[in-house]
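Undergrad: Sharing a structure with you now.
The values are calculated or read from the model by the stated rules, or taken from the named source; none is laboratory data. Computed from a predicted structure; not experimentally measured. Cβ placement follows ideal geometry from the backbone for every residue including glycine, while neighbour counts extend to all protein chains displayed. Heavy atoms of the whole protein, side chains included, go into the accessibility calculation; ligands, DNA and RNA do not. Shrake-Rupley method; radii C 1.70, N 1.55, O 1.52, S 1.80 Å.
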Amino acid sequence: MDAPSPAPPPVSPITAPSTDIRILGAGNAGLAVLDLLVAEQLPATAFLAINSDAESLARSRCPEKLQLTLPRANRERPLPDDAMDQLKTAVTGARAVFIVLGLGGATGTELAPVLARAAKEAGALVIGFVTLPFTFECNRLDSAAEGLRELKAAADGVICLPNQKLEKLLAENTSFLDTFKRSAELLADAVRGIWRLLAHKALIEIHFDDLAALIRNRHAESAFAIAEAAGATRSRDVVEKLLAHPLLDGGQALADADAVLVSLLGGPDLTLVEVNRVMEQITAKCPQAQVTMGAAIQEGFREQLAVTLIAASHGGPEPQANDPRQAQTDTLDSQLLSRAEPPRPESRFVPPPPQLSPDRVAQMLSRQGTGAASRGRKSGPKMRQTQLPLEIVSKGRFDKSEPTIHKGEDLDVPTYIRRGISLN
């Protein structure tokens, strides 16, 4: 007797959110992050769990669920009309949509650009929060890279957590299961940090329009870090933890960023000196970036300080691969960069010798003479000018002419012979 099929998950009717922020979790990795956020009951936030697996949806804590089956044979029309209508209803009216998922698997990778495009069509600011596979997951790396490229092309910004970087955060005896739990916690921290910037009533608020202006249409990949400290030295300690965070690549993510969001959360005892110390050290690491800062005060956060940092790397709309103008430009650039520079000819200018005084010339000549003698050079045989036994050629009509005698010298004889000059 066949085992009974699992009961379909309880699905509430999909409704348009009455809040500014909608968080969509897709695939198993996305649902794990979504469960952490749902448990916190973030105010002014609506959640939607999306997956192709009915059992996974049934275990989710999210009250609203949507089961989607992806027909991969037709990427131009990845979802049925009724499923696309439900998805559009879920994001209608939301000012910001967060898409949380893991890239590399089937469901999350296929759904990521679909969800982003649906949210963009609804007019929302779309931010992706994704995990990337470990380097040993060879069968998932290419799929994750392609999914990330498509998501960046569709969303306004993408915050990535490469799972391989968890190795620097975890102890060596951390179990494989706990590693993925930590990955979900870190991604939930990133979502919570952006949510705090938008939804939390803060002493210094980050307005939605400011955030939208910073990241809308950048299609950039961003890095994030979260650090907390307590006690009298909390402002110094939190910055040290933040800058040492492995997800910032030793601070290189800040140096490369052109937009940085900083959210501070402290208690009523948070001082101006502490806020100033934190911001000075962060801005010193990203002098080229536009820094947006927010600060919130909570009564239950006394003697504590938490900083959430999002660094958006340089990015822009990716050029179309089939754009002939771009291809022509790339070809010309490659030709110019690969062309070898012709060697420069050597200078033909020879500087004149330095002017020497007569005494200096005599001194140098004397040194040459003594130097040659000290080296024991043997002088060669003394050369004597002789006349070669050549056949005398007739002078023609001048044969009988008298020689030209001047002061007793025959001028017809060459001068060097008459004067006994040796030719070297």
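Undergrad: Any idea how many residues of region 283-315 are more than 15 Å from Asp210 (Cβ to Cβ), free of Cβ contacts under 8 Å to residues at least 60 places away in the same chain and out of contact with any Leu (no Cβ under 7 Å at 6 or more places or on another chain)?
TA: Keep residues of region 283-315 that are more than 15 Å from Asp210 (Cβ to Cβ), which gives 283-288, 296-309, 311, 313-315.
Next, only the ones that are free of Cβ contacts under 8 Å to residues at least 60 places away in the same chain stay: 283-288, 298-302.
Next, only the ones that are out of contact with any Leu (no Cβ under 7 Å at 6 or more places or on another chain) stay: 283-284, 287-288, 299-300, 302.
Total meeting the criteria: 7.
Undergrad: Please go through region 105-117 and give me each residue that is touching a Gly at 6+ places or on another chain (Cβ under 9 Å), open to solvent by 10 Å² or more (accessible area, probe 1.4 Å) and not hydroxyl-bearing (Ser, Thr, Tyr), ordered by number.
TA: Gly105, Ala106, Glu110
Undergrad: In addition: Within the bounds of region 268-285, is there any residue that is modelled with pLDDT under 90, closer than 24 Å to Ser222 by Cα and of a type in the set (D, E, K, R)?
TA: no
Undergrad: Taking the criterion of being on the phi < 0 side of the Ramachandran plot, at pLDDT below 90, out of contact with any strand residue (DSSP E or B) (no Cβ under 8 Å at 6 or more places or on another chain) and of a type in the set (Val, Ile, Thr), would at least one residue in region 15-31 satisfy it?
TA: For region 15-31, residues on the phi < 0 side of the Ramachandran plot, at pLDDT below 90, out of contact with any strand residue (DSSP E or B) (no Cβ under 8 Å at 6 or more places or on another chain) and of a type in the set (Val, Ile, Thr): present.
Undergrad: Given the options Ser183, Ser175, name the one that is touching a residue at least 40 places away in the same chain (Cβ under 8 Å) and over 20 Å from Arg22 (Cβ atoms).
TA: Selected residue: Ser183, the only one of Ser183, Ser175 that is touching a residue at least 40 places away in the same chain (Cβ under 8 Å) and over 20 Å from Arg22 (Cβ atoms).
Undergrad: Still on this model: Tell me, yes or no, whether region 221-244 has at least one residue that is of a type in the set (Lys, Arg), within 26 Å of the chain's Cα centre (by Cα), outside any strand (DSSP E or B) and modelled with pLDDT under 90. Before you say what the answer is, go through the steps one by one.
TA: In the first step, residues of region 221-244 are kept if they are of a type in the set (Lys, Arg); the result is 234, 236, 241.
Now drop any that are not within 26 Å of the chain's Cα centre (by Cα), which leaves 241.
When the remaining residues are screened for being outside any strand (DSSP E or B), the result is 241.
This time we only want the ones that are modelled with pLDDT under 90, so: none.
No, there is no match, as no residue in region 221-244 is of a type in the set (Lys, Arg), within 26 Å of the chain's Cα centre (by Cα), outside any strand (DSSP E or B) and modelled with pLDDT under 90.
Undergrad: Based on what the data block shows, is Ser263 polar (S, T, N, Q) and within 11 Å of the chain's Cα centre (by Cα)?
TA: Judged against the criteria, Ser263 is not a match.
Undergrad: Please list, ordered by first then second residue, the pairs with beta carbon atoms under 8 Å, 6 or more apart or interchain, first in region 403-419 and assigned to a strand (DSSP E or B), second of a type outside the set (A, V, I, L, M, F, W, C) and open to solvent by less than 90 Å² (accessible area, probe 1.4 Å).
TA: These pairs meet every condition: Glu409/Arg418; Asp410/Pro403; Asp410/Thr404; Asp410/Arg418.
Undergrad: Now for a different question. Got a number for residues in region 275-299 being assigned to a helix (DSSP H, G or I) and open to solvent by less than 20 Å² (accessible area, probe 1.4 Å)? Step through it out loud before you land on a result.
TA: Applying the first criterion (assigned to a helix (DSSP H, G or I)) to region 275-299 yields 275-285, 299.
Of the ones still in play, those that are also open to solvent by less than 20 Å² (accessible area, probe 1.4 Å) are 278, 282.
Residues that pass the stated criteria total 2.
Undergrad: Restricting to region 105-128, what's the tally of residues that are in contact with a strand residue (DSSP E or B) (Cβ under 7 Å, 6 or more places away or on another chain) and small (Gly, Ala, Ser)?
TA: So the answer is 6.
Undergrad: Going through Lys152, Lys120, Lys181 one at a time, which residue ends up being basic (Lys, Arg), assigned to a helix (DSSP H, G or I) and surrounded by 19 or more Cβ atoms within 10 Å (Cβ to Cβ)?
TA: From the options Lys152, Lys120, Lys181, the qualifying one is Lys152.
Undergrad: Still on this model: Got a sec? Which of Glu146, Glu137, Glu121, Glu110 is of a type outside the set (A, V, I, L, M), under 22 Å from Phe208 (Cα atoms) and out of contact with any His (no Cβ under 7 Å at 6 or more places or on another chain)?
TA: Within the list Glu146, Glu137, Glu121, Glu110, the selection yields Glu121.
Undergrad: For region 38-69, what are the residues that are open to solvent by 30 Å² or more (accessible area, probe 1.4 Å) and of a type in the set (Gly, Ala, Ser)?
TA: Correct list: Ala39, Ala44, Ser52, Ala58.
Undergrad: Let me ask something additional. Any residue at all in region 163-174 that is crowded, with 16+ Cβ neighbours inside 10 Å and modelled with pLDDT of 90 or more?
TA: Within region 163-174, none of the residues are crowded, with 16+ Cβ neighbours inside 10 Å and modelled with pLDDT of 90 or more.
Undergrad: What pairs come up if the first residue lies in region 153-165 and is farther than 19 Å from Gly250 by Cβ, the second is polar (S, T, N, Q), and their beta carbons are under 8 Å apart, counting only those six or more places apart or on different chains?
TA: What qualifies is Asp156/Asn217; Gly157/Ser222; Val158/Ser222.
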